[in-house]
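Asks: Would you mind keeping the following structure in view while I ask a few things?
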Amino acid sequence: MFDSLSERLEGAFKTLKGESKLTELNIAQSVKEIRRALVAADVNYKIAKEFTDTVKDKALGQENVLNAVKPGQLMVKIVNDELVDLMGGTVTDIDIKGKPAVILIAGLQGSGKTTFSGKLAYHLKGNRRKSPLLVACDVYRPAAINQLSVIGEQINVPVYKEMDNQNPVEIALKGIAHAQAHGHDVVIVDTAGRLSIDEKMMEEISNVKEAIQPNETLFVVDAMTGQDAVNTAKSFNDRINYDGVVLTKLDGDTRGGAALSIKYTVGKPIKFVSMGEKMETLDVFHPDRMASRILGM
Amino acid sequence: AGKSTVDDEVLDELESILISSDVGLDTTVKIIDRIEQRVRRDKYVTTKELNELLRDEIVQLLAEHNTVDLEDYTLPSAAKPCIILVVGVNGVGKTTTIGKLAHQYKSQGKKVVLGAGDTFRAAAVDQLKIWSERVGCDFYSKGMQADPAAVAFETVQYAIQHNCDVAIIDTAGRLHTKINLMNELSKIRRSVSKSLDGAPHEVLLVLDATTGQNAFEQAKHFTDATDVSALALTKLDGTAKGGVAIGISDQFKVPIKYIGVGEGITQLQIFNKRAFVESLFEGEL
Ligand SMILES: Nc1nc2c(ncn2[C@@H]2O[C@H](COP(=O)(O)OP(=O)(O)OP(=O)(O)O)[C@@H](O)[C@H]2O)c(=O)[nH]1
Ligand SMILES: Nc1nc2c(ncn2[C@@H]2O[C@H](COP(=O)(O)OP(=O)(O)OP(=O)(O)O)[C@@H](O)[C@H]2O)c(=O)[nH]1
Ligand SMILES: [K+]
Ligand SMILES: [Mg+2]
Ligand SMILES: [Mg+2]
């Protein structure tokens, strides 16, 4: 149902036939198309507006400049460069120094935290020669601990769990002590899904963070998220000041505009993308690929 | 003063409310066009009347596409057993919704069995089993890794043999872009039909209210693969409004039946058009 932005822009420029350069008028028209495309890709509509205002300024800087490329293509290039710029910045690795390094995983219900915890452990073990320990701190969801245990078995990474303990802070602390005693150099703490407006649960996660002082706190978000991405990303950031974002379920056909919204709003780097249910489907974030995806190119 | 024609400011505000609720551009434009037409016809409207009118229009849009508010948790068919197949992408709340729905049927004194058709995701069978224990209903499983179509077939047989009123079959979450997994889902559906003529009596597609425009693609592909007959919209207890459901019920003519408003066993509600539309405008306009 979404035509690509390039097609849309071509459409916008066709109405102004024979134009070989950017003019105030054709810029205004294409900016409208760009905004529509961004909103259709789930970029927050306010951010889409701010973003296209910037694009407009950049385009106006090229106004009436005769160019080898068609104005439509020039516009796409301006948009694309601006997007990559916004989402890129320097690629930041995760901090896995420490004995052990502690990584806290948080996010909304069903976003893919438990699966990602497993993938990260698998990645650290295989590619970074680490000896990870998974810690099961979701004491609410039915069979959450089992789920992490099964994943641990699949990738041959031990899971620290306490079936009868309802206190995530305690479990996390004991998990870290267990890691120290058994020579694990990275601890990945999986937590329950929670809503940003659930005061009790948000207090719980900030207590966990306070107690374990993680090297790295990662916010896991479903790439299919719509306009709400901004609210949620901001509320979680206000409470737990996370270090990076993980985008999941990018193996589908979602345009993933939430990525732009989140980066724009909280400024935290997207550190990983999750692309499937299998443990090896984890990738580092490529801003240029994400930009093309959002633009449908 | 006194009269106010719909000025651009109000329409802009309406547009921003709809877009920020994930209603989507096409449906938003459709709604705004309707408002403009109504106002043109009725000439003068006060702001208060306008606020009523736009709620009415959206409720009307939902009603046109046979989203009839249910009275209670009636079974989708008088057939016994009544078979419900639950489908959707990963993590939207299928298994939880099944637990909650089973609780409602059980509370009406009905005999319920849950079929563990997700034999793939880690601990999926355990999760559904715990729900069946919470509800106090029957549970049918062939364990992990079993063929889901066989589980579905046998769950129906179990329901027949044990005189159940309803069987609800869970399936593994899958992205609608994965052709082999979507084919598997069609096969599960066929296997239910083979097990009992006329079944499944309901195919419930679960959508997550936080999902943006991708929900359209989900609705399209799941409908193609399994002939979806009803929608459930979950996680409405969060800050997301789930507006994408309006466009979906408009385009696919599938009624929204249930909403999920929490993780607890009682936190399923029957969809109410008016209440849903009110919640879109909550605190605004
Ligand atoms: N297709 C796809 N599915 C994924 C991906 N990541 C996770 N999933 C699936 O999404 C569903 C939810 O994943 P979980 O890891 O259980 O999510 P969670 O955030 O731990 O969920 P809660 O603990 O209930 O909050 C499962 O079916 C996973 O297999 C991904 O990158 N792609
Ligand atoms: N806040 C809230 N959470 C919900 C709701 N419905 C489900 N959840 C949570 O969302 C997460 C995923 O729910 P599941 O029922 O496992 O989802 P699923 O679609 O069966 O997931 P897969 O089988 O992995 O595809 C769990 O943490 C649930 O507790 C709801 O209405 N509100
Ligand atoms: K809500
Ligand atoms: Mg989990
Ligand atoms: Mg499930």
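The values are calculated or read from the model by the stated rules, or taken from the named source; none is laboratory data. Since we're looking at a predicted model, the values are computed, not measured. Because the Cβ atoms are built from the backbone with ideal geometry, glycine has one as well, and the counts that use them run over all protein chains shown.
Asks: Is it the case, given these coordinates, that B:Thr119 is away from chain A (no Cβ under 14 Å), in contact (Cβ under 8 Å) with a residue 12 or more places away in the chain, within 18 Å of B:Lys94 (Cβ to Cβ) and buried (at least 17 other Cβ atoms within 10 Å of the Cβ)?
Replies: no
Asks: Hey, another quick one. Would you check which residues across segment B:212-239 are assigned to a strand (DSSP E or B) and away from ligand 5 (no atom under 16 Å from the Cβ) and list them?
Replies: If the condition is that a residue be assigned to a strand (DSSP E or B) and away from ligand 5 (no atom under 16 Å from the Cβ), then B:Ala230, B:Leu231, B:Leu233 are the ones that fit.
Asks: Could you list, in sequence order, all residues of segment B:146-197 that are within 14 Å of another protein chain (Cβ to nearest Cβ) and of a type in the set (Gly, Ala, Ser)?
Replies: B:Ala172, B:Gly173, listed by residue number.
Asks: Can you pull out the residues in segment B:88-116 that are buried (at least 24 other Cβ atoms within 10 Å of the Cβ), in contact with a Lys or Arg (Cβ under 7 Å, 6 or more places away or on another chain) and in contact (Cβ under 8 Å) with a residue 60 or more places away in the chain?
Replies: The answer is B:Gly88, B:Val89, B:Gly93, B:Gly99.
Asks: Here's a check for you: in segment B:130-139, which residue that is more than 8 Å from chain A (Cβ to nearest Cβ) and surrounded by 18 or more Cβ atoms within 10 Å (Cβ to Cβ) is farthest from ligand 4 (Cβ to nearest atom)?
Replies: Per the stated criteria, the residue is B:Asp138.
Asks: Would you point out which residue out of A:Leu86, A:Leu108 is under 17 Å from A:Val266 (Cα atoms) and either within 16 Å of ligand 2 (Cβ to nearest atom) or in contact with a Leu (Cβ under 6 Å, 6 or more places away or on another chain) (or both)? Break it down into steps so the answer makes sense when it comes.
Replies: Values: A:Leu86 fails: either within 16 Å of ligand 2 (Cβ to nearest atom) or in contact with a Leu (Cβ under 6 Å, 6 or more places away or on another chain) (or both).
Answer to the selection: A:Leu108.
Asks: A further question on this structure: What pairs come out if I take residues in segment A:198-214 that are over 20 Å from A:Ala101 (Cβ atoms) and pair them with residues that are more than 16 Å from ligand 5 (Cβ to nearest atom) and assigned to a loop (DSSP other than H, G, I, E, B) whose C-beta lies under 6 Å away, six or more apart or interchain?
Replies: Taking only residues 6 or more apart or on different chains, the pairs are A:Met201/A:Arg194.
Asks: Another question, if that's okay. Would you pick out the residues in segment A:251-272 that are within 13 Å of chain B (Cβ to nearest Cβ) and surrounded by fewer than 24 Cβ atoms within 10 Å (Cβ to Cβ)?
Replies: Answer for segment A:251-272, where residues must be within 13 Å of chain B (Cβ to nearest Cβ) and surrounded by fewer than 24 Cβ atoms within 10 Å (Cβ to Cβ): A:Asp251, A:Gly252, A:Asp253.
Asks: Picking from B:Gly283, B:Gly247, B:Gly242, B:Gly264, which residue would you name as being part of a loop (DSSP other than H, G, I, E, B) and either in contact with a Phe, Trp or Tyr (Cβ under 9 Å, 6 or more places away or on another chain) or within 16 Å of ligand 4 (Cβ to nearest atom) (or both)? Don't jump to the end; show me each part of the working.
Replies: Details: B:Gly283 fails: either in contact with a Phe, Trp or Tyr (Cβ under 9 Å, 6 or more places away or on another chain) or within 16 Å of ligand 4 (Cβ to nearest atom) (or both); B:Gly247 fails: part of a loop (DSSP other than H, G, I, E, B); B:Gly264 fails: either in contact with a Phe, Trp or Tyr (Cβ under 9 Å, 6 or more places away or on another chain) or within 16 Å of ligand 4 (Cβ to nearest atom) (or both).
Step by step, each of B:Gly283, B:Gly247, B:Gly242, B:Gly264 is checked, and only B:Gly242 is part of a loop (DSSP other than H, G, I, E, B) and either in contact with a Phe, Trp or Tyr (Cβ under 9 Å, 6 or more places away or on another chain) or within 16 Å of ligand 4 (Cβ to nearest atom) (or both).
Asks: Of the conditions (1) within 16 Å of ligand 1 (Cβ to nearest atom); (2) without any contact (Cβ under 8 Å) to a residue 60 or more places away in the chain, B:Ile259 clears all except one; give me its number.
Replies: Every listed condition holds for B:Ile259 apart from (1).
Here is a yes/no grid of residues against (1) away from ligand 3 (no atom under 16 Å from the Cβ); (2) under 19 Å from A:Ala229 (Cβ atoms):
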| residue | (1), (2) |
| --- | --- |
| B:Gln213 | yes, yes |
| B:Gln218 | yes, yes |
| B:Phe222 | yes, no |
| B:Thr226 | yes, no |
| B:Ala230 | yes, no |
| B:Thr234 | no, yes |
| B:Thr239 | no, yes |
| B:Ala245 | no, yes |
| B:Ile248 | yes, no |
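Asks: Still on this model: Can you tell me which of A:Ala177, A:Ala172, A:Ala121 is part of a helix (DSSP H, G or I), of a type in the set (A, V, I, L, M, F, W, C) and within 14 Å of chain B (Cβ to nearest Cβ)?
Replies: A:Ala121
Asks: Taking segment A:275-286 as the region of interest, how many residues are touching a residue at least 24 places away in the same chain (Cβ under 8 Å) and closer than 22 Å to B:Thr119 by Cβ?
Replies: 5
Asks: Pairs needed: first member in segment B:240-252, more than 9 Å from chain A (Cβ to nearest Cβ) and over 14 Å from B:Ser21 (Cα atoms); second member anywhere, aromatic (Phe, Trp, Tyr) and assigned to a helix (DSSP H, G or I); C-beta distance under 9 Å; at least 6 residues apart or different chains.
Replies: B:Gln251/B:Phe216; B:Phe252/B:Phe216
Asks: Only one of (1) within 14 Å of chain A (Cβ to nearest Cβ); (2) surrounded by 21 or more Cβ atoms within 10 Å (Cβ to Cβ); (3) β-branched (Val, Ile, Thr) fails for B:Ile17. Which number is that?
Replies: In the conditions (1) within 14 Å of chain A (Cβ to nearest Cβ); (2) surrounded by 21 or more Cβ atoms within 10 Å (Cβ to Cβ); (3) β-branched (Val, Ile, Thr), B:Ile17 misses (2) alone.
Asks: Taking the condition within 27 Å of B:Trp131 (Cα to Cα) and surrounded by fewer than 23 Cβ atoms within 10 Å (Cβ to Cβ), does B:Thr234 pass?
Replies: no
Asks: Can we say A:Gly118 is closer than 18 Å to A:Ser274 by Cα and exposed (fewer than 14 other Cβ atoms within 10 Å of the Cβ)?
Replies: Criteria not met by A:Gly118.
Asks: Is one or more of the residues making up segment A:227-250 facing chain B (nearest Cβ under 9 Å), modelled with pLDDT of 95 or more, closer than 17 Å to A:Ile270 by Cα and part of a loop (DSSP other than H, G, I, E, B)?
Replies: yes
Asks: Something else: Name the residues in segment B:253-276 that are within 14 Å of ligand 3 (Cβ to nearest atom), hydrophobic (A, V, I, L, M, F, W, C) and either over 16 Å from the mean Cα position of the chain (by Cα) or within 14 Å of chain A (Cβ to nearest Cβ) (or both), would you?
Replies: Selection gives B:Val261 alone.
Asks: Quickly run through segment A:137-154 and pick out the residues that are within 11 Å of chain B (Cβ to nearest Cβ), within 11 Å of ligand 1 (Cβ to nearest atom) and touching a residue at least 24 places away in the same chain (Cβ under 8 Å).
Replies: Listed by number, the residues that qualify are A:Tyr140, A:Arg141, A:Ala144, A:Gln147, A:Leu148, A:Ile151.
Asks: Moving to a separate point now. Could you say whether any residue in segment A:182-201 is among the polar types (S, T, N, Q), touching a Lys or Arg at 6+ places or on another chain (Cβ under 6 Å) and away from ligand 5 (no atom under 16 Å from the Cβ)?
Replies: No, segment A:182-201 has no match at all.
Asks: Further question: Given the condition at pLDDT 95 or above, within 14 Å of another protein chain (Cβ to nearest Cβ), part of a helix (DSSP H, G or I) and within 16 Å of ligand 2 (Cβ to nearest atom), answer yes or no: does some residue in segment A:36-49 qualify?
Replies: The answer is no; no qualifying residue exists.
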